1. Taking θ as phi - 60°, what are the ³J(HN,Hα) couplings along the range 292-298 by the Karplus curve (6.51, -1.76, 1.60), each to the nearest whole Hz, with x for Gly and Pro?
2. Around residue 103, which amide H atoms from residues at least 5 apart in sequence, or from another chain, sit under 5 Å from its own amide H, with H modelled in the peptide plane?
3. With the full set of protein chains in place, find how many percent of the accessible area of the range 346-453 is carbon and sulfur; take the probe as 1.4 Å.
4. Show which lysines lie in cross-link reach of residue 292 when reach means a straight Cα distance below 23 angstrom and same-chain residues fewer than eight apart are skipped.
5. Indicate the gyration tensor shape class of the range 391-441 (rounded, prolate or oblate), computed on the Cα atoms with a ≥ b ≥ c the square roots of the eigenvalues: a/c under 1.5 is rounded; otherwise a/b larger than b/c is prolate and the rest oblate.
6. Please list the non-local residues whose amide H lies under 5 Å from the amide H of residue 363, H modeled 1.01 Å from N, same-chain partners needing a gap of 5 or more.
7. Order the peptides 462-469, 75-82, 431-438, 337-344 from the highest to the lowest mean number of other Cβ atoms within 10 Å of their residues.
8. Can you work out ³J(HN,Hα) from phi for every residue in the range 441-453, in order, using Karplus 6.51 cos²θ - 1.76 cosθ + 1.60 and θ = phi - 60°, giving whole Hz and x for Gly and Pro?
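The values are calculated or read from the model by the stated rules, or taken from the named source; none is laboratory data. Since the model is a prediction, treat every value here as computed from it, not as a measurement. Every residue, glycine as well, gets a Cβ built from its backbone with ideal geometry; the counts of neighbours run over all protein chains shown. SASA here: full protein model, heavy atoms, side chains in, ligands and nucleic acids out. Shrake-Rupley method; radii C 1.70, N 1.55, O 1.52, S 1.80 Å.
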Amino acid sequence: MNRIGSYLSSAALCISLTLSAPAGAASHYGDELGDQMRVQFFDENIARLFRGSVPISQDPFVTSYLEEVLWFMAPFSQLEDPQLELIVVDTPILNAFAAPGGIIGIHTGLLLYAEHEDELASVVAHELAHLSQRHYEQSREQQARNQPLLIAGVIASMIAASASGDAATAGITSSLALAEQSRLSFSRQHEKEADHIGMQSLSASGFDPFAMPRMFQRMQHAARFGQKPPEFLLTHPVTESRIADSQSRAEQLGKGSREPRSEDFYLMRARIQADNSNNQQLLNQALKALQKTPGLINRYSAAVAALGLNDFDQARKLASAFTPEQRQNPTIGLLEAEIDLATEQYQSARQRIEQVLQYSPRSYAARMLQGQALTGLGMAGDAVEVYRELALERPHDPNIQFQLAETEGLTGNTAGVHLARIEYFLLTGQIDMALRQVEFGLRTKRLNDIDKARFERYREEAEQIRRELDEMF
């Protein structure tokens, strides 16, 4: 079992012991560390464990879109100084969460359940309300006597709902569920408050406040007719009274004033469907829909389904029919570049990507594809520069560090490979692996003084993180 699994198993043991602890039991962890440092360690390290325990989405298009929705909604929340990190979990499960440190997690499955962008926004508004009202901080205060249970409870709301067969994670699911149950009466008040404030934010942003009761109804329907209730409902129970309350508040707030902007929502939904569906069936359905109702969304849905089947001729035929105006949307403009990359036509891909970068120079998706195209052309050094720039802009993105490490290897920069791998392992809570890369890096031949100092700093950082994790559990 790796160290992440060990930490999670330790959390499970803490739950089984502390659920039956006497009311006066004290937390030595809380006594030993100052509140401010404890909160900082807690926030950063829970994020590390989570990133290393779930499948993080590798689709930069979906991630960018969800970031746009999040940052559009943030100014309308009651957060005074939004410091947010979005983690997109690649799973068809309906779930979203807010966690310490300004983390908002969204499962890609949320876009499969939501029918419109305002329904997605209603969930984002709800989670931002949890952060603005300091619900986790209040939980800390109420459960200060029992820090291990609080840690496990947070992990339960984040990791257990995202489990995908990992033995270490699956083995603690039942214990984590006990932790969630122990917090349920307190969280119900939080849910009510998050509903009210989230709906105010939704209305202030111009989205339709009726989207929240609609989304609740979809969740309830999924719970009634599905084999298993959506994971979101395990930590966000939906009742008839909750739906009625949100409906009443929506009527008071009135219809949203924002013009519908759903094109990107449906494009992302199509990408996620292609990743999670039988592509042949999806392609047949999309082609039938396109024949009946020609349009951008149906055409794109068919194209990405064909691409998922490696039916490149069909995908290219569909993609080539988009108009120049439609290609101004980077998602559409980059589709043929994606097909080029899949068919190893790297020069064509590079040209298409550079066209998009002319009008969307900061596009995360375009630059990630640019790195792939440059690598395919044997220009690994240029690709490294692309990934390094992205890493500076997105310091918590493990996907970038993974690609950077691979590409540094192609340039022969052994020290660069180890440095990128260290960052990747630290971001994903794999501290022992990070320390191993430090040792490998220090053995690099002809290592210069600057890189040697960087490795030594990483050693100190990794050892500090390991001590913090050991103290938490």
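1. Values, residue by residue: 6, 9, x, x, 4, 5, 5 Hz.
2. Residues meeting the amide H criterion: 85.
3. On the way: 2520 of 5240 Å².
The nonpolar share, carbon plus sulfur, comes to 48 percent.
4. In chain and number order, the partners are 317.
5. Values: a/c = 2.26, a/b = 1.04, b/c = 2.19.
Note, shape of the range 391-441 comes out oblate.
6. none
7. Details: 462-469: 17.0, 75-82: 14.0, 431-438: 21.0, 337-344: 19.4.
The densest-packed peptide leads the list: 431-438, 337-344, 462-469, 75-82.
8. 3J(HN,Hα) across the range 441-453, in whole Hz: x, 5, 8, 4, 5, 6, 6, 7, 5, 5, 5, 4, 5.
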